[in-house]
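Throughout, read-outs are computed from the coordinates displayed, never taken from laboratory work. Remember, it's a predicted structure, so these values are computed and weren't measured experimentally. Because the Cβ atoms are built from the backbone with ideal geometry, glycine has one as well, and the counts that use them run over all protein chains shown.
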Amino acid sequence: MQKRMDRISMAAGYGILLIALFLKIIGGERQRFTLIESWVRGLLSGNFLHFWQTEFASGIGVLVGTGLFLLLTLMYVLDAVLLTFHRRVLWLESAKAAWLYFTMFFYFIFISFYSSSIWLVLILIVCALEFLLNRYLEDKIERDRKYAESQKIEKAYNEDRKRRLAFPGKYSPEFHQIIRKNFRFHQKNYLLLIFANALVFFALMILFFTYHEFSGTHTQDSIFDKTGLLRIFIESGGVLLLLLLLFLTFMDSLYVDFKAKHMELFIQLGIRKKTFLAMLLEEFSFCALAGILIGGVIGLAVTRGLHSFGWALLLYTGLLVLAMAFHQEKILRLIQFRPREQVKPDRPNQRWTPLFLLVGLIALAITFWWFNRRKSAETLLVVGTLVAALWGLFLGGGGLYVKHKRGKINLLLSRNDLFYRFHKSINVLLLATLLQVLAIGFFLPRLVTFQQTKVHDLFPYEAVAKVKQPEVQQVETTLNQDKASWNKYPFFPVTSVDGDPEWETFGTARPVMFIQGQHIGISETTYQQLRQENGLKRQPLHLRKGLWHVVYQQAISIRGQPIDWDPQSTLPRLRIGTPLESYNTDDVDLIFPMRQIKSQERLVLTGMFQRGLQENILVFADEEFAAYAKKESPRQLFLINDDKNSAASLNFLQKKYADDKRWDTAIEPIYEKTQRKNNVITENHLQVLLLIFTLVTCIFMSVGLLVSKFESEQASLVSRRRLLDQLGMREKEQQKILKQQVGLFTLLPIVAGFLLSVGFIVIMGLLRFFTRQEWLQFARIFFIDYSIYLLGWGIIAVLIYRRIKKWR
């Protein structure tokens, strides 16, 4: 068999060599190349990178892709040559398989390379065939022997199953009566599933209702731009939907485990497979429909309309199908009448404990670094690395704890879950801690910042107008005619190379990015005047030429953001002037030079008009501003007070500067306070509602996780308590052990989650430039909210303990 495998590897290796040498399968701009020819000509061209950039449309992408294929070819050819001389290298076979997977991933993911070199798939086909054939032949003899044994076992099983499950005739009336009584006896389990479905459906109805209602009071422009309700709905609503899916998955897991636990009773009653499947479908459908009915009725009582019912039903159906898909193996075992797998003692592997701890610490450091990176904008994507960190820390820390505490007799019963069901217990602790971090480290602090926000302070002026020099006189005349109170300050438009957090996808050449960020550049003198106008003390910045100060005009509730989102720059790229529709991106260092930022702060001086994404203020040294003013006349920033009709009088600026909106439709020449304030109130209400729903969902998920953990172990807990009764242990001592068991899975995630959350909260405050007074206010509100949260968890822990205490 080994000789046949060697022949296949040799044929594959030499076949790939022929393809790489003679088939012109790589398409260039002017001609086609073979795989080896492209690299040889590139090396002989004298300018290796220039050859790839000029000969191929995808440039460096083709260079990387063909390099992967060339290395794959060399591996297969080297293996074929070694086998020809009867030499086998085991690590080379593993390297071939690993590199084949990596090359296939790259080839099919990068569309531009795939489209220009589609016939390279021939090499992948040959490699895949060699891999599959060798793996097939490698264990054919052993597989045939196991197959014969499995056939014998399956035949005996089918005969026995046919004998057991062949129940001819109709079911007796007593059979139906037992099933109905069994359903009523376990009604608490069904009520739990109904409650979960009702909660999910109600949350979906409220989600769509709030978006529909709030969008009615929000300006149409900002619903569909990148800073309005639609973005909030997608971001916050997306997180809520993910948590609802996980919550529904946990509750469905409770139902499936419950049915698996009582499946033997129905088999003994003589139930047929089809009948059991129909019963499962009927029960689950009943719970789902009852949840829709209850959640829908409560939702209709709140929304008083059917406009959100249809969308909620559609989304709920999708979540329901996805949630059940996670349990397909358990469901298949149910409908096949397969008994539950026997639980074996599960202990930690002490050899890997130090490695797990190291991985956890490294992942945790990466998590905090990523979250602290301003261009990541407090991203929730850090949950991925956070899960890896918790996994490593719990496995490593739990392993050390078991190693040092397993000999303690007083912990043998209270820590039995860790000693004998280690990995299951660690998984429960990991998920419970993750939910605690999400609730306390992400969602609750954001809710607190909304409680700190005073919308009135975000708009200190009735109207703000940015006026070019030719229209300054006309604006002054109009305002004087309206008898408005106003001030004007000189400014220059400042543009960042990338003005939004959307990821830019591009190849080797930098594109012209849209949207470019539009901001306001003022002198330090003007900055001090604006501070005084807002009742603030002077704050000397001590700026000099080349050093700028950034003022982020955003509320404390908005996550920290950079002044420039360019992914390729360590410093912000900013130019004095308006956005550019086209420019030579190779000269980006000259057109958008990187600037040195001396200091930054979060402060509203003119108004929060773009939620901190744009319309921020950059402060120059007076000398630098004067130098720019000599080259070009600055524009004027009009700040208007005491007259709400002034904005209507200045509407001619909208038509005058209509051409400027080609850069970004969200940027206005004049901002009016009333509508902007209503927009912010609407956005804040939507976000607060979504945060509350998300927090409640996290709590219910945590409760469902703990309940499912103890419910699945009910039989073992009952048998253990009976054993302790027979051994003569007092009731108080048993209750103490039970409290320690429940406390381990409630208190440990809360403590660990709080400690990790402190890190995220501190980073959030630093990114948002909390002042000392804001820190004190945040701490006061946070601890009030957190105390209520802990009180709720205390009640939940007591209820779980009392339920388990009744099990005998």
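So what is the calculated 222 nm ellipticity per residue for the chain, using -39500 (n - 2.57) for each DSSP H run with n of 4 or more, over all residues, to the nearest 500 deg cm²/dmol?
On the way: 31 runs with 518 residues, N = 808.
The per-residue figure over the chain is -21500 deg cm²/dmol.
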Taking 35 Å as R0, compute the FRET efficiency from the Cβ-Cβ separation of Leu313 and Val751 and round it to 0.05. 0.30
Compute, for the chain, the length of the dipole vector about the Cα centre, with Cβ point charges of +1 (Lys, Arg) and -1 (Asp, Glu) only. Units Debye, rounded to 20. 4340
Projected onto the charge dipole of the chain (+1 at Lys/Arg Cβ, -1 at Asp/Glu Cβ, origin at the Cα centre), which of Gln469, Thr526, Tyr157 gives the Cα projection farthest towards the positive end? Tyr157
So what is the relative contact order for the stretch 458-668, in percent, with contacts set as C-alpha pairs under 8 Å and at least six apart? 39
Given (1) 61, 33, 24; (2) 45, 28, 26; (3) 56, 43, 26 as possible values of semi-axes √(5λ) of the Cα gyration tensor in Å, the one from the coordinates is (3)
If I model a spin label as a point 7 Å beyond the Cα along the Cα-Cβ vector, how far apart are those points for Leu277 and Glu264 in nm? 2.5
Of the candidates Leu17, Ser45, His86, the farthest towards the positive dipole end of the stretch 2-138 (Lys/Arg Cβ +1, Asp/Glu Cβ -1, centred on the Cα centre) is His86
Give a residue-ordered list of calculated ³J(HN,Hα) values for the stretch 181-198 (Karplus: 6.51 cos²θ - 1.76 cosθ + 1.60, θ = phi - 60°; whole Hz; x for Gly, Pro). 5, 5, 5, 5, 5, 9, 5, 4, 5, 6, 5, 5, 5, 4, 4, 4, 5, 5
Charge dipole (the chain, unit charges on Cβ, about Cα centre) - positive-most of Gln735, Leu244, Phe514: Gln735
What aspartates and glutamates does Lys545 reach when the alpha-carbon gap must be under 14 Å and sequence neighbours fewer than 8 apart in one chain are set aside? Glu524, Asp622, Glu623, Glu624
At what distance in nm do the modelled label points of Leu44 and Ser633 sit from each other, each positioned 7 Å from its Cα along Cα→Cβ? 6.5
Two-site FRET efficiency, Arg145 against Val762, from Cβ-Cβ distance with R₀ of 60 Å, rounded to 0.05: 0.45
Per residue of the stretch 699-704, in order, report the coupling 6.51 cos²θ - 1.76 cosθ + 1.60 (Karplus, θ = phi - 60°) as ³J(HN,Hα) in whole Hz, putting x for Gly and Pro. 5, 5, 5, 4, 5, x
Rounded to the nearest 20 debye, what is the charge dipole size of the stretch 458-668 about its Cα centre when +1 sits on each Lys and Arg Cβ and -1 on each Asp and Glu Cβ? 500
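Can you compute the charge dipole magnitude of the stretch 2-138 about its Cα centre, using +1 on each Lys and Arg Cβ and -1 on each Asp and Glu Cβ, nothing else charged? Give it in debye, rounded to the nearest 20.
Computed charge dipole of the stretch 2-138: roughly 260 debye.
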By average C-beta atoms within 10 angstrom, highest first, the peptides 312-325, 594-607: 594-607, 312-325
Please tell me which of these pairs span more than 26 angstrom C-alpha to C-alpha: Lys424/Lys732; Lys488/Lys631; Lys152/Lys273; Lys170/Lys330? Lys424/Lys732; Lys170/Lys330
Any idea how far apart Glu774 and Asn480 come out in nm if each label point goes 7 Å out from Cα toward Cβ? 4.0
